[in-house]
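Please read the structure below before turning to the comments.
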Amino acid sequence: MRLTLPRRIPIPFSRYMSPEEILNLTEDDISNYNSTEDISNYMEQPHSETLDDISKPTWENIAESPIIDYVSPDIPTTKYKLKLKYGGIFRLSKKTFKKMYCFGSQKCIYIDTWSYNFSQLNEEVIKRYSSKSNPKFSICYIDKCAPEQSFIELDSEEKFMAMLTMYENEKEVTVYVTTENNTKSNNFGFGRQKCDNGDEPLDEDDSDYLPSEESYYSHLSSDNEYEEVNDDDEANSFTTNSQSITVESKFENVTCFKRALNHYAIINEFDYFIQKSDPTRFTARCENIDCEWRIHASIMQDGVTFQVKKLVEAHTCTRSNKGGNKRATQGWIANVITNKLISDGDVSSTELRKWIMKTYNVDWEDSFLKLDEFREELLNRNQGSVMEIDFDIVGNKKRFKRFFICFLACSQGFLAGCRPYIALDACHLKGKFNGVLAAATGIDGNNSIFPVAYAVLESENTQSWTWFLESLRKSIGTPDGLVISSDMQKGLEVAMMNVYPNIEHRECIRHLSSNFKKHFHNEFLNNKIWAASKTYCPTEHDKLLKDVSDVNKDVIAYLNKYHKKIWSRSKFGTTSKCAYNTNNISESFNSWIGVLRYQPVLDLLDGIREKIMKRLNKKRMLLKKLNGTLVPIAKDHLNDISKNLGEYQVCRSCEYQAEVKCQGKRWDVYLDKRKCSCRVWQVTGLPCVHAAAFIAFIRDANWEKYVDQYFTIEKFEQAYQFQIAPLPGRDQWMQKDGEKIYPPIIKRPAGRPRKNRIKASTESKRNDMRIE
């Protein structure tokens, strides 16, 4: 009996046979193999192909059995790759208006059409949903022949074979699995449609989000393992008319929940930040970290519906406006005006804008119209504070230009308990108003930032900085030994010389070094400049600059021309007791205000007011825990320098004078004058290691008397003895008659607005740390 060859014939792995041996198989031979039934079934089927019609078979050694395979190009292969995507949902892509499968997992299955069928695929899907009892799902694939995106449901063996035929050339097909609820809300045979709730599609990435297989079961888990699912209950849809979210409120999916929360925040005029967000759970808190408002929602056992599990409704924060306007996105506006357009028909864009502003209080101009009332309210509650508003007259309207704030608690606290050191800097605002936030920041005895004054300016220029410094001088005057440090921003150098000509002006060495490297590409020179800035000794400073000059004489000329301010500690005065050669204090303030830069002007000014108010109170609470005479930073310094003094040799001259030797170097120390030839003690106000060696030599137990008064708890208490008065909501402010201040006329530059500045190559790429 002569056998014709099929496309693939399975043979028991116990024996390898050649094609000639297979052709000579008889009925008796077949009974000796374990796969008798397979070969018998084959023998009973009619076949038109013979050995002469195809090329010589090749062998594949596979774990299950060796296989006779063909290599003829005329006969297609039966191997397919099935990409099974499950556990996710369909969403519309904002860019393409096509459905994308999101939040699911993926498994690749390699099949042979001779042995794989639809029932096996169905069993594989059931296995993936084994954590659910009686899972209800639908399987579908994309119809590649349709002119627009269309899905075909896979529910029979015939459709399964039709799918394989459709993708016969690719030999690869993606199969999607959705639950019953998701299937109902996402019709497979659709074209360019919008979401069911009328909102614009989400701005999702077109790529699928595919977590690992190990995360699948946690993806389907519920927060409450005993939660009962009632299939008859429909999820409560959140419409634009709804103004509340309560515990056990249900939403069709996580997207609907997020939109509802966004609308709820706008209605109630607050903002929130997201603590946790994934396809199965969502947790958010009020933007004010100290506020108790919190919401938590998670997925139900059907795998799609979202339900609110916990909600703390009451807000405990005190800010007058909590920044809900930030949530008024384009998608939200498109959603809320849908019903308006349906009911009223043709409505102009101006009328729609007025209606939204009136109904939802999302007017950007409102933050400017209330600035006068805000200023009067602050002055009435904080007598003696300096609040300045500057504006331009354009036509018949006052247009906002600048706003300066210096609370009496800040100015008097700075003068009473802080070192006479101020860092100036300005950072760009991120909202619609393209201005800058300028700030004057001091430092207390414990090396913490002390906000003195802040202002919103139209830009960085000589005129705006002059106005800011004049307002600052009006607030704090010119304290003895005042030092102003800055990065020498645009127009600031000229403004400082005009307003504060006779004080010490310091320049940040970090910015000097950044500019220096643009002109001199030499790391040796840059390291010498840094070393010259850090030394306290004038002779050491001159020696380092001479080393620089020997390499490149143009360096000294460059520094004398472009960096005339003080940038080395060897040139610092001895009154301020502050040895900072960078402007990091200002950078810390910019990081401290955080996301407030994205808020409208009024919310920004009020938000910083609230943060300063809370900070002053926080420091007063810290004072109750302090013991002794000195602040913690001074105590730590004394503990550090009092160790390992054995290598220092003290040669006493009189009761308060001595020479201190170490490793061939020598310094003269005067305890009664708090002076050392290294100049560290005079500049910082804290004893240097040479003074510590002399103090230890005379066995003086009272080290605190050698520390400057700025580092005492008494001075620290004086800095924070004043309070900023709390402020009620806008609806309780005193109404002021007269002409309002309107927003400035803004000319938007070409291109998309930049949110993050371009950092220099020498700057760290890490995220800024928040300071509380």
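Quick note: the coordinates plus some simple rules give every number you see, no bench work behind them. The model shown is predicted, which means the values in this text are computed figures rather than measured ones. All Cβ positions, even for glycine, are placed from backbone atoms using ideal geometry, and neighbour counts span all protein chains on display.
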*Relative contact order (percent) for the stretch 586-696, with alpha-carbon contacts under 8 angstrom and 6 or more residues of separation?*
17 percent
*When Lys and Arg each count +1 and Asp and Glu each count -1, what net charge do the other residues less than 13 Å away from Val452, Cβ to Cβ, add up to?*
+2
*Relative exposure of Glu172, Glu377, judged by other C-beta atoms within 10 Å (fewest first)*: Glu172, Glu377
_Suppose each label sits 7 Å from its Cα in the direction of the beta carbon; what would the Lys79-His519 distance come out to in nanometres?_
6.8 nm
*Quick one: order Lys565, Lys397 by neighbouring beta-carbon count within 10 Å, fewest to most.*
Lys397, Lys565
*Within straight-line cross-link reach of Lys665, lysines at Cα separation under 23 Å, skipping those fewer than 8 residues along the same chain*: Lys528, Lys534, Lys543, Lys546, Lys571, Lys643, Lys673, Lys675
*Determine the distance separating the Cα centre of the stretch 554-612 from the Cα centre of the stretch 143-177; give it in Å without decimals.*
64 Å
*Please give the contour-minus-distance gain from Ala579 to Glu376: 0.36 nm per residue of separation, less the Cα-Cα distance, rounded to one decimal in nm.*
69.2 nm
*Sort the stretch 377-437 into rounded, prolate or oblate with this rule: let a ≥ b ≥ c be the square roots of the eigenvalues of the Cα gyration tensor; rounded if a/c is under 1.5, and if a/c is not under 1.5, prolate when a/b is larger than b/c, oblate otherwise.*
oblate
*Alpha carbon centroid spacing (whole Å) that separates the stretch 462-499 from the stretch 255-298*: 42 Å
_I need the calculated FRET efficiency for the pair Met621 and Asp346, taking r as the beta carbon distance and R₀ as 56 Å, to the nearest 0.05._
0.40
*What pairs in Lys625/Lys661; Lys430/Lys614; Lys432/Lys611 have C-alpha atoms more than 30 Å from each other?*
Lys625/Lys661
